[in-house]
Each structure stands twice: as C-alpha cells, then as structure tokens.
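Below: one structure, written as structure tokens.
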Amino acid sequence: MSLQIVPLLFLCTTDGATIGRRRIGDDILIMSLKQVLVEKKPSIVRKWRNLVLQTYPAESQSLFRKQDQFGNPVGYTISEGIPAIYDAVVVGEDPEEATQHLDNILRIRAVQELSPSRAVGFLFGLKELIRRELGQALYGKDFLKQWAVLEARIDTLALLGFDIYQRCRQQNYDIRGRDVNRRSERLLQMAGLAYEIPEGVGDAQEETQTNALGVVTDR
C-alpha cells in the first residue's frame, strides 16, 4: 500500500484533536508544537506585525505598512524584525540576530517615547496570537508541556525587551542632557557671562568654565 500524506488540518475543535496530527496511510503522526507553529508562521507573523502597528496612531499605521528601507525605515525595521524574532523564539534560530532586531525595534520606540508597557507589550501579545491560532489544542496532552516551555521563553524575551527599552531611553536622555548643556554654555559665552580658563591655569586638573556669578562648572 502506498503512503499518502494528507495536509495538516488546522481546525480548532473543542478538544483540539485535529491540530498537530497528520495522517500517513493508516497511521497518525503527532507533530510537535514547534512543527505546527512553523507551518502557521505566515499567519501568526502577519498578525503579530499588525499588533505592533496598532500601537501607533491610525494615520501612521498605513505609512508604516510600506516596507521601504529608505523611504519608511520604521515600517521596514518592524517587517524585518518580527519574523526573525519569531524564528528565534519558536524555532530556536540565531538568538543574537533576533536580539539585534529587537534592539532596532525598541530603539525606534524609545525615540517615539512610548510608555514601557506599550513599547514592549507586543512581545506578550505573541502568546495571545498563538492561543487564538491553535485554540484548545494547546492545552491537550500533545502540546501542554511544550506550550509551558514556549510561554516561559516568550516571558524571558519580554523581560529582555524591557531591559533594552530602558537602556535605549537612558541613552536618549543622556544625549539630550549633553545637548542642553552645550547650548547653555554657548548662550552664556555669546552673552559674555562665561569664559574658559586656559589649560594649565590654576589647580584644576580638568578644563573648566566659570560664569559671571563665580560658579565653576566642569565641562
């Protein structure tokens, strides 16, 4: 008897019996959760990308859907990053590359000054998307333990996301702070209220600046 492979059925029945099972001849092959999620990748990734875009105003969403690296770097970064992050979490491919993509996405969101929960929340949203795609099958005997492991990996990714986002925001604050200081010094100098002490003069080891009120500040 020849073997005939029947396409996998992704029907979310109440007991989830059809998801993750493929008939080969008279036998039933039970697929792993990883295999099912690889087959479901196009659908889940598309919805996950839309979930990220929904955190932006409606007028920006249509613009960010365009995948132009130069004309639309925000949309391009999201479109390139989401599939790579999905592969790292679900398939286990190249975690370093996925971390870089996550950094790129969150660096943009830090500049846009989203709240931490709004900036990183899409990572937790992946769990809800998978639940909707697979339904009750996730809680059946075939997938339950695998799903618990995957949930933990997504949580770990989200915690990493919070760390990255906080670091990016701090870098932005530092850059802005230095810029404000430079502009303030320049205004004082233009007004004749500050001058630089030549190097080697006095006991100061670093170059300093003194304003008209006699306050000395490190540069």
Within segment 74-111, can you find the residues that are over 14 Å from the mean Cα position of the chain (by Cα) and modelled with pLDDT under 85?
-> Val91, Gly92, Glu93, Asp94
Here are some residues: Val45, Val91. Which one is touching a Phe, Trp or Tyr at 6+ places or on another chain (Cβ under 9 Å) and hydrophobic (A, V, I, L, M, F, W, C)?
-> Val45
Modelled with pLDDT of 90 or more, out of contact with any strand residue (DSSP E or B) (no Cβ under 7 Å at 6 or more places or on another chain) and in a helix (DSSP H, G or I): does that describe Asp155?
-> yes
In segment 141-150, the residues that are surrounded by fewer than 16 Cβ atoms within 10 Å (Cβ to Cβ) and part of a helix (DSSP H, G or I) = Leu144, Lys145, Ala148, Val149
Scope segment 59-85; condition in contact with a Phe, Trp or Tyr (Cβ under 7 Å, 6 or more places away or on another chain) and surrounded by 15 or more Cβ atoms within 10 Å (Cβ to Cβ); matching residues = Phe64, Asn72, Val74, Gly75, Ile78, Ile82
Write out, first by first residue and then by second, each pair whose Cβ atoms fall under 7 Å of each other, whose residues are 6+ apart or on separate chains, and whose first residue, in segment 53-73, is in the same structural domain as Ile108 (by TED's automatic domain parsing) while the second is modelled with pLDDT under 75 and surrounded by fewer than 13 Cβ atoms within 10 Å (Cβ to Cβ).
-> Asn72/Lys66
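The values are calculated or read from the model by the stated rules, or taken from the named source; none is laboratory data. Just so it is clear, the structure is predicted and the values come from calculations on it, not from any experiment. We place every Cβ from the backbone using ideal geometry, glycine too, and count neighbours over all the protein chains shown.
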